[in-house]
Each structure stands twice: as C-alpha cells, then as structure tokens.
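Participant: For reference, the structure I am asking about is given below.
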Amino acid sequence: MPQARPRRFDLIAFDWDGTLFDSTRIIVQCIQRAVVDVGGAMPSDKAAAYVIGMGLMQALAHAAPDVPAEKYPQLGARYRHHYVAHQDDLSLFEGVLPLLDELKARHHRLAVATGKSRRGLDYALGTAQLKGVFDGSRTADETEGKPHPLMLNELMREFDTPPERTLMIGDTTHDLQMALNAGCPSVGVSYGAHEPGEFEVLRPLYIAHSVQALRDWLLENA
C-alpha cells in the first residue's frame, strides 16, 4: 500500500491506446490496410502512428491525403473492419492494473480521455478487470478530437477540478498539446505512438520510458 501523502493532483486523465493499452502496432496496420482498401497510397508506419489519438475520421483523413472526402465513410468502415478483427488480441500493458489500483487507493479520480469512439472505449472498459476502475471518460466522437481541449475541459467540470490539480498522461504530442490547451500539466510516455524527442517543446513534467517508471514517478509526485 502506497504511503499516504498530500495529493498534488486530484484528477488524473489517461490516454488509452499506446498509454494504457498495447495497441499501437495493430492500429498502425489497420490504418494502412484501410487506406489501401479504398485505393489510397499506404501511409508509412510513422505517418500512421502520428495520427493515433485524433478522432477517427480526422486521423484517417490526415493519414490518407490522396483519398477523396467522398470515400471517408468507406475508409472509416474499412478501418473498423480491420480493428474489430484484432481487438480481442489486445491487452493492457503489463503493470497498468496494479498502477491504477494504487492510484485509486490514494483517492485520485481516474479518467480516460481518448481519440477512440465511445463504442470502442466501452467495449474495452467492459472487461471484468476494469469494472469500476475509472471515474469518468470522454471520447473524440462525443466531444472533439485532440489536441482540442474539450475532453479535458468536460472532465474537469464533471469533477470540479481546476487545471492545476489535473494531470494528463499520454503517448502522443496530441495528448500533451491538449493538456497545454486546457491549462493542465502533463506526463508523456515514450513506449507508445510518438517519439519522445517530440515531447520536450510541450513541457511535460516527466517522460516515462516504462509503466514501472510511470508508476514510480506518480507515486512520488502525484
């Protein structure tokens, strides 16, 4: 049991894919296959990874600039087709559940702020191991895609938490820029979609290179 100490952050908001959920590789492949399915040029791994965290259609449009807008509904359908085929192969990063349990024991409010759809997030949160872990969540399709701050703004209103008492944790520049846009501090993780060298300009408090490093920093500083 972590030692009790005064909390610096009352609300901790996590990105999902690439931060808590080990899904970056599958998402990159699904984006690439969807673009090819509708006749576009296959985006590079880097280009496909860059858009992770955005809302789905915003991400696909960015990853497939040669695909005409009238094909976006088909593009989205093909992405969902490929993702659904693999979603049961995905899992939380090792160490995530114990970390969340320790933060709950310290009475932090825990939330998810994700570019996933509400349907996709609810599917992921429907497992027995995640029942009751998160106090709230927001998705891109019910608010705005990152880096727009609406997800965080709504969560802060829901829990009556000011920006300086809210921490955003994510694996992309979109997550950290969203935090800046909302006036919140952030922590980056380097094991997800974006290269951590891109994080410094967005002024995260810390960059964690593993779930264990993230745990150690949060228990000491959050």
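Participant: Show me, for the range 143-150, the HN-Hα J-couplings you get by feeding each phi into the Karplus relation (A = 6.51, B = -1.76, C = 1.60, θ = phi - 60°), rounded to Hz, glycine and proline as x.
Facilitator: Along the range 143-150, the couplings run 10, 9, x, 5, x, 4, x, 4 Hz.
Participant: Treating each Cα of the range 112-222 as an identical point scatterer and ignoring solvent, apply the Debye formula and state log10 I(q)/I(0) at q = 0.12, 0.19, 0.23, 0.24 Å⁻¹.
Facilitator: Cα-only, vacuum Debye calculation for the range 112-222: -0.41, -1.08, -1.42, -1.46.
Participant: Quick one: 3J(HN,Hα) in Hz for the range 69-78, Karplus 6.51/-1.76/1.60 with θ = phi - 60°, rounded, Gly and Pro as x.
Facilitator: 4, 5, 9, 4, x, 5, 4, x, 5, 5
Participant: Tally the DSSP beta bridges in the chain and give the antiparallel ones as a percent, rounded to 5.
Facilitator: On the way: 1 of 21 bridges.
Antiparallel bridges make up about 5 percent of those DSSP assigns within the chain.
Participant: Moving on to the next point. With charges set only on the Cβ (+1 for Lys and Arg, -1 for Asp and Glu), what does the dipole of the chain come to about its Cα centre, in debye to the nearest 20?
Facilitator: Its charge dipole is roughly 280 debye.
Participant: Return the long-range amide H neighbours of K116 (sequence gap of 5 or more, or a different chain), with a cut-off of under 5 Å between placed amide H atoms.
Facilitator: A140
Participant: Still on this model: Anyone know which of Q212, Q177, Q29 comes out most mobile in the 10 Å Cα GNM of the chain?
Facilitator: Of Q212, Q177, Q29, the most mobile in the Gaussian network model is Q212.
Participant: For the range 155-222, what relative contact order do you get, as a whole percent, if you take Cα pairs closer than 8 Å and at least 6 residues apart?
Facilitator: Averaging sequence separation for qualifying contacts and normalising by length gives 25 percent for the range 155-222.
Participant: Per 0.36 nm of contour for each residue apart, how much would the distance between R106 and S44 grow if the chain were fully extended, relative to their Cα-Cα spacing?
Facilitator: Between R106 and S44, full extension yields an extra 18.1 nm.
Participant: What Rg and what Dmax come out for the chain when only alpha-carbon atoms are used, in angstroms?
Facilitator: Considering the chain through its Cα atoms, Rg and Dmax are 16.9, 56 Å.
Participant: While we're looking at this one, here's another question. Residue separation times 0.36 nm, minus the C-alpha to C-alpha distance between E198 and R157: what's the value?
Facilitator: Full-extension gain reported as 11.8 nm.
Participant: Total Lys pairs in the chain closer than 21 Å by alpha-carbon, pairs eight or more apart in sequence or interchain only?
Facilitator: Lysine pairs meeting the criterion: 6.
Participant: Still on this model: Please list, ordered by chain and number, the residues whose modelled amide H lies under 5 Å from the amide H of S210; skip anything fewer than 5 residues away on the same chain.
Facilitator: Residues meeting the amide H criterion: S190.
Participant: Still on this structure, I have one more. Residue farthest toward the positive end of the dipole of the chain, with Cβ of Lys/Arg at +1 and Asp/Glu at -1: which of A77, A222, Y191?
Facilitator: After comparing all options, I get A222.
Participant: Give, in nm to one decimal, the length gained when the segment between V36 and N181 is fully stretched (0.36 nm per residue of separation minus the Cα-Cα distance).
Facilitator: On the way: separation 145, 0.36 × 145 = 52.20 nm, distance 3.41 nm.
Extra length available between V36 and N181 comes to 48.8 nm.
Readers should treat all values here as calculations from the given coordinates under stated rules, not as data from a laboratory. All of these numbers come straight from a predicted model, not from anything done at the bench. With ideal geometry, Cβ positions are generated from the backbone for all residues, glycine too; neighbour counts draw on all protein chains shown.
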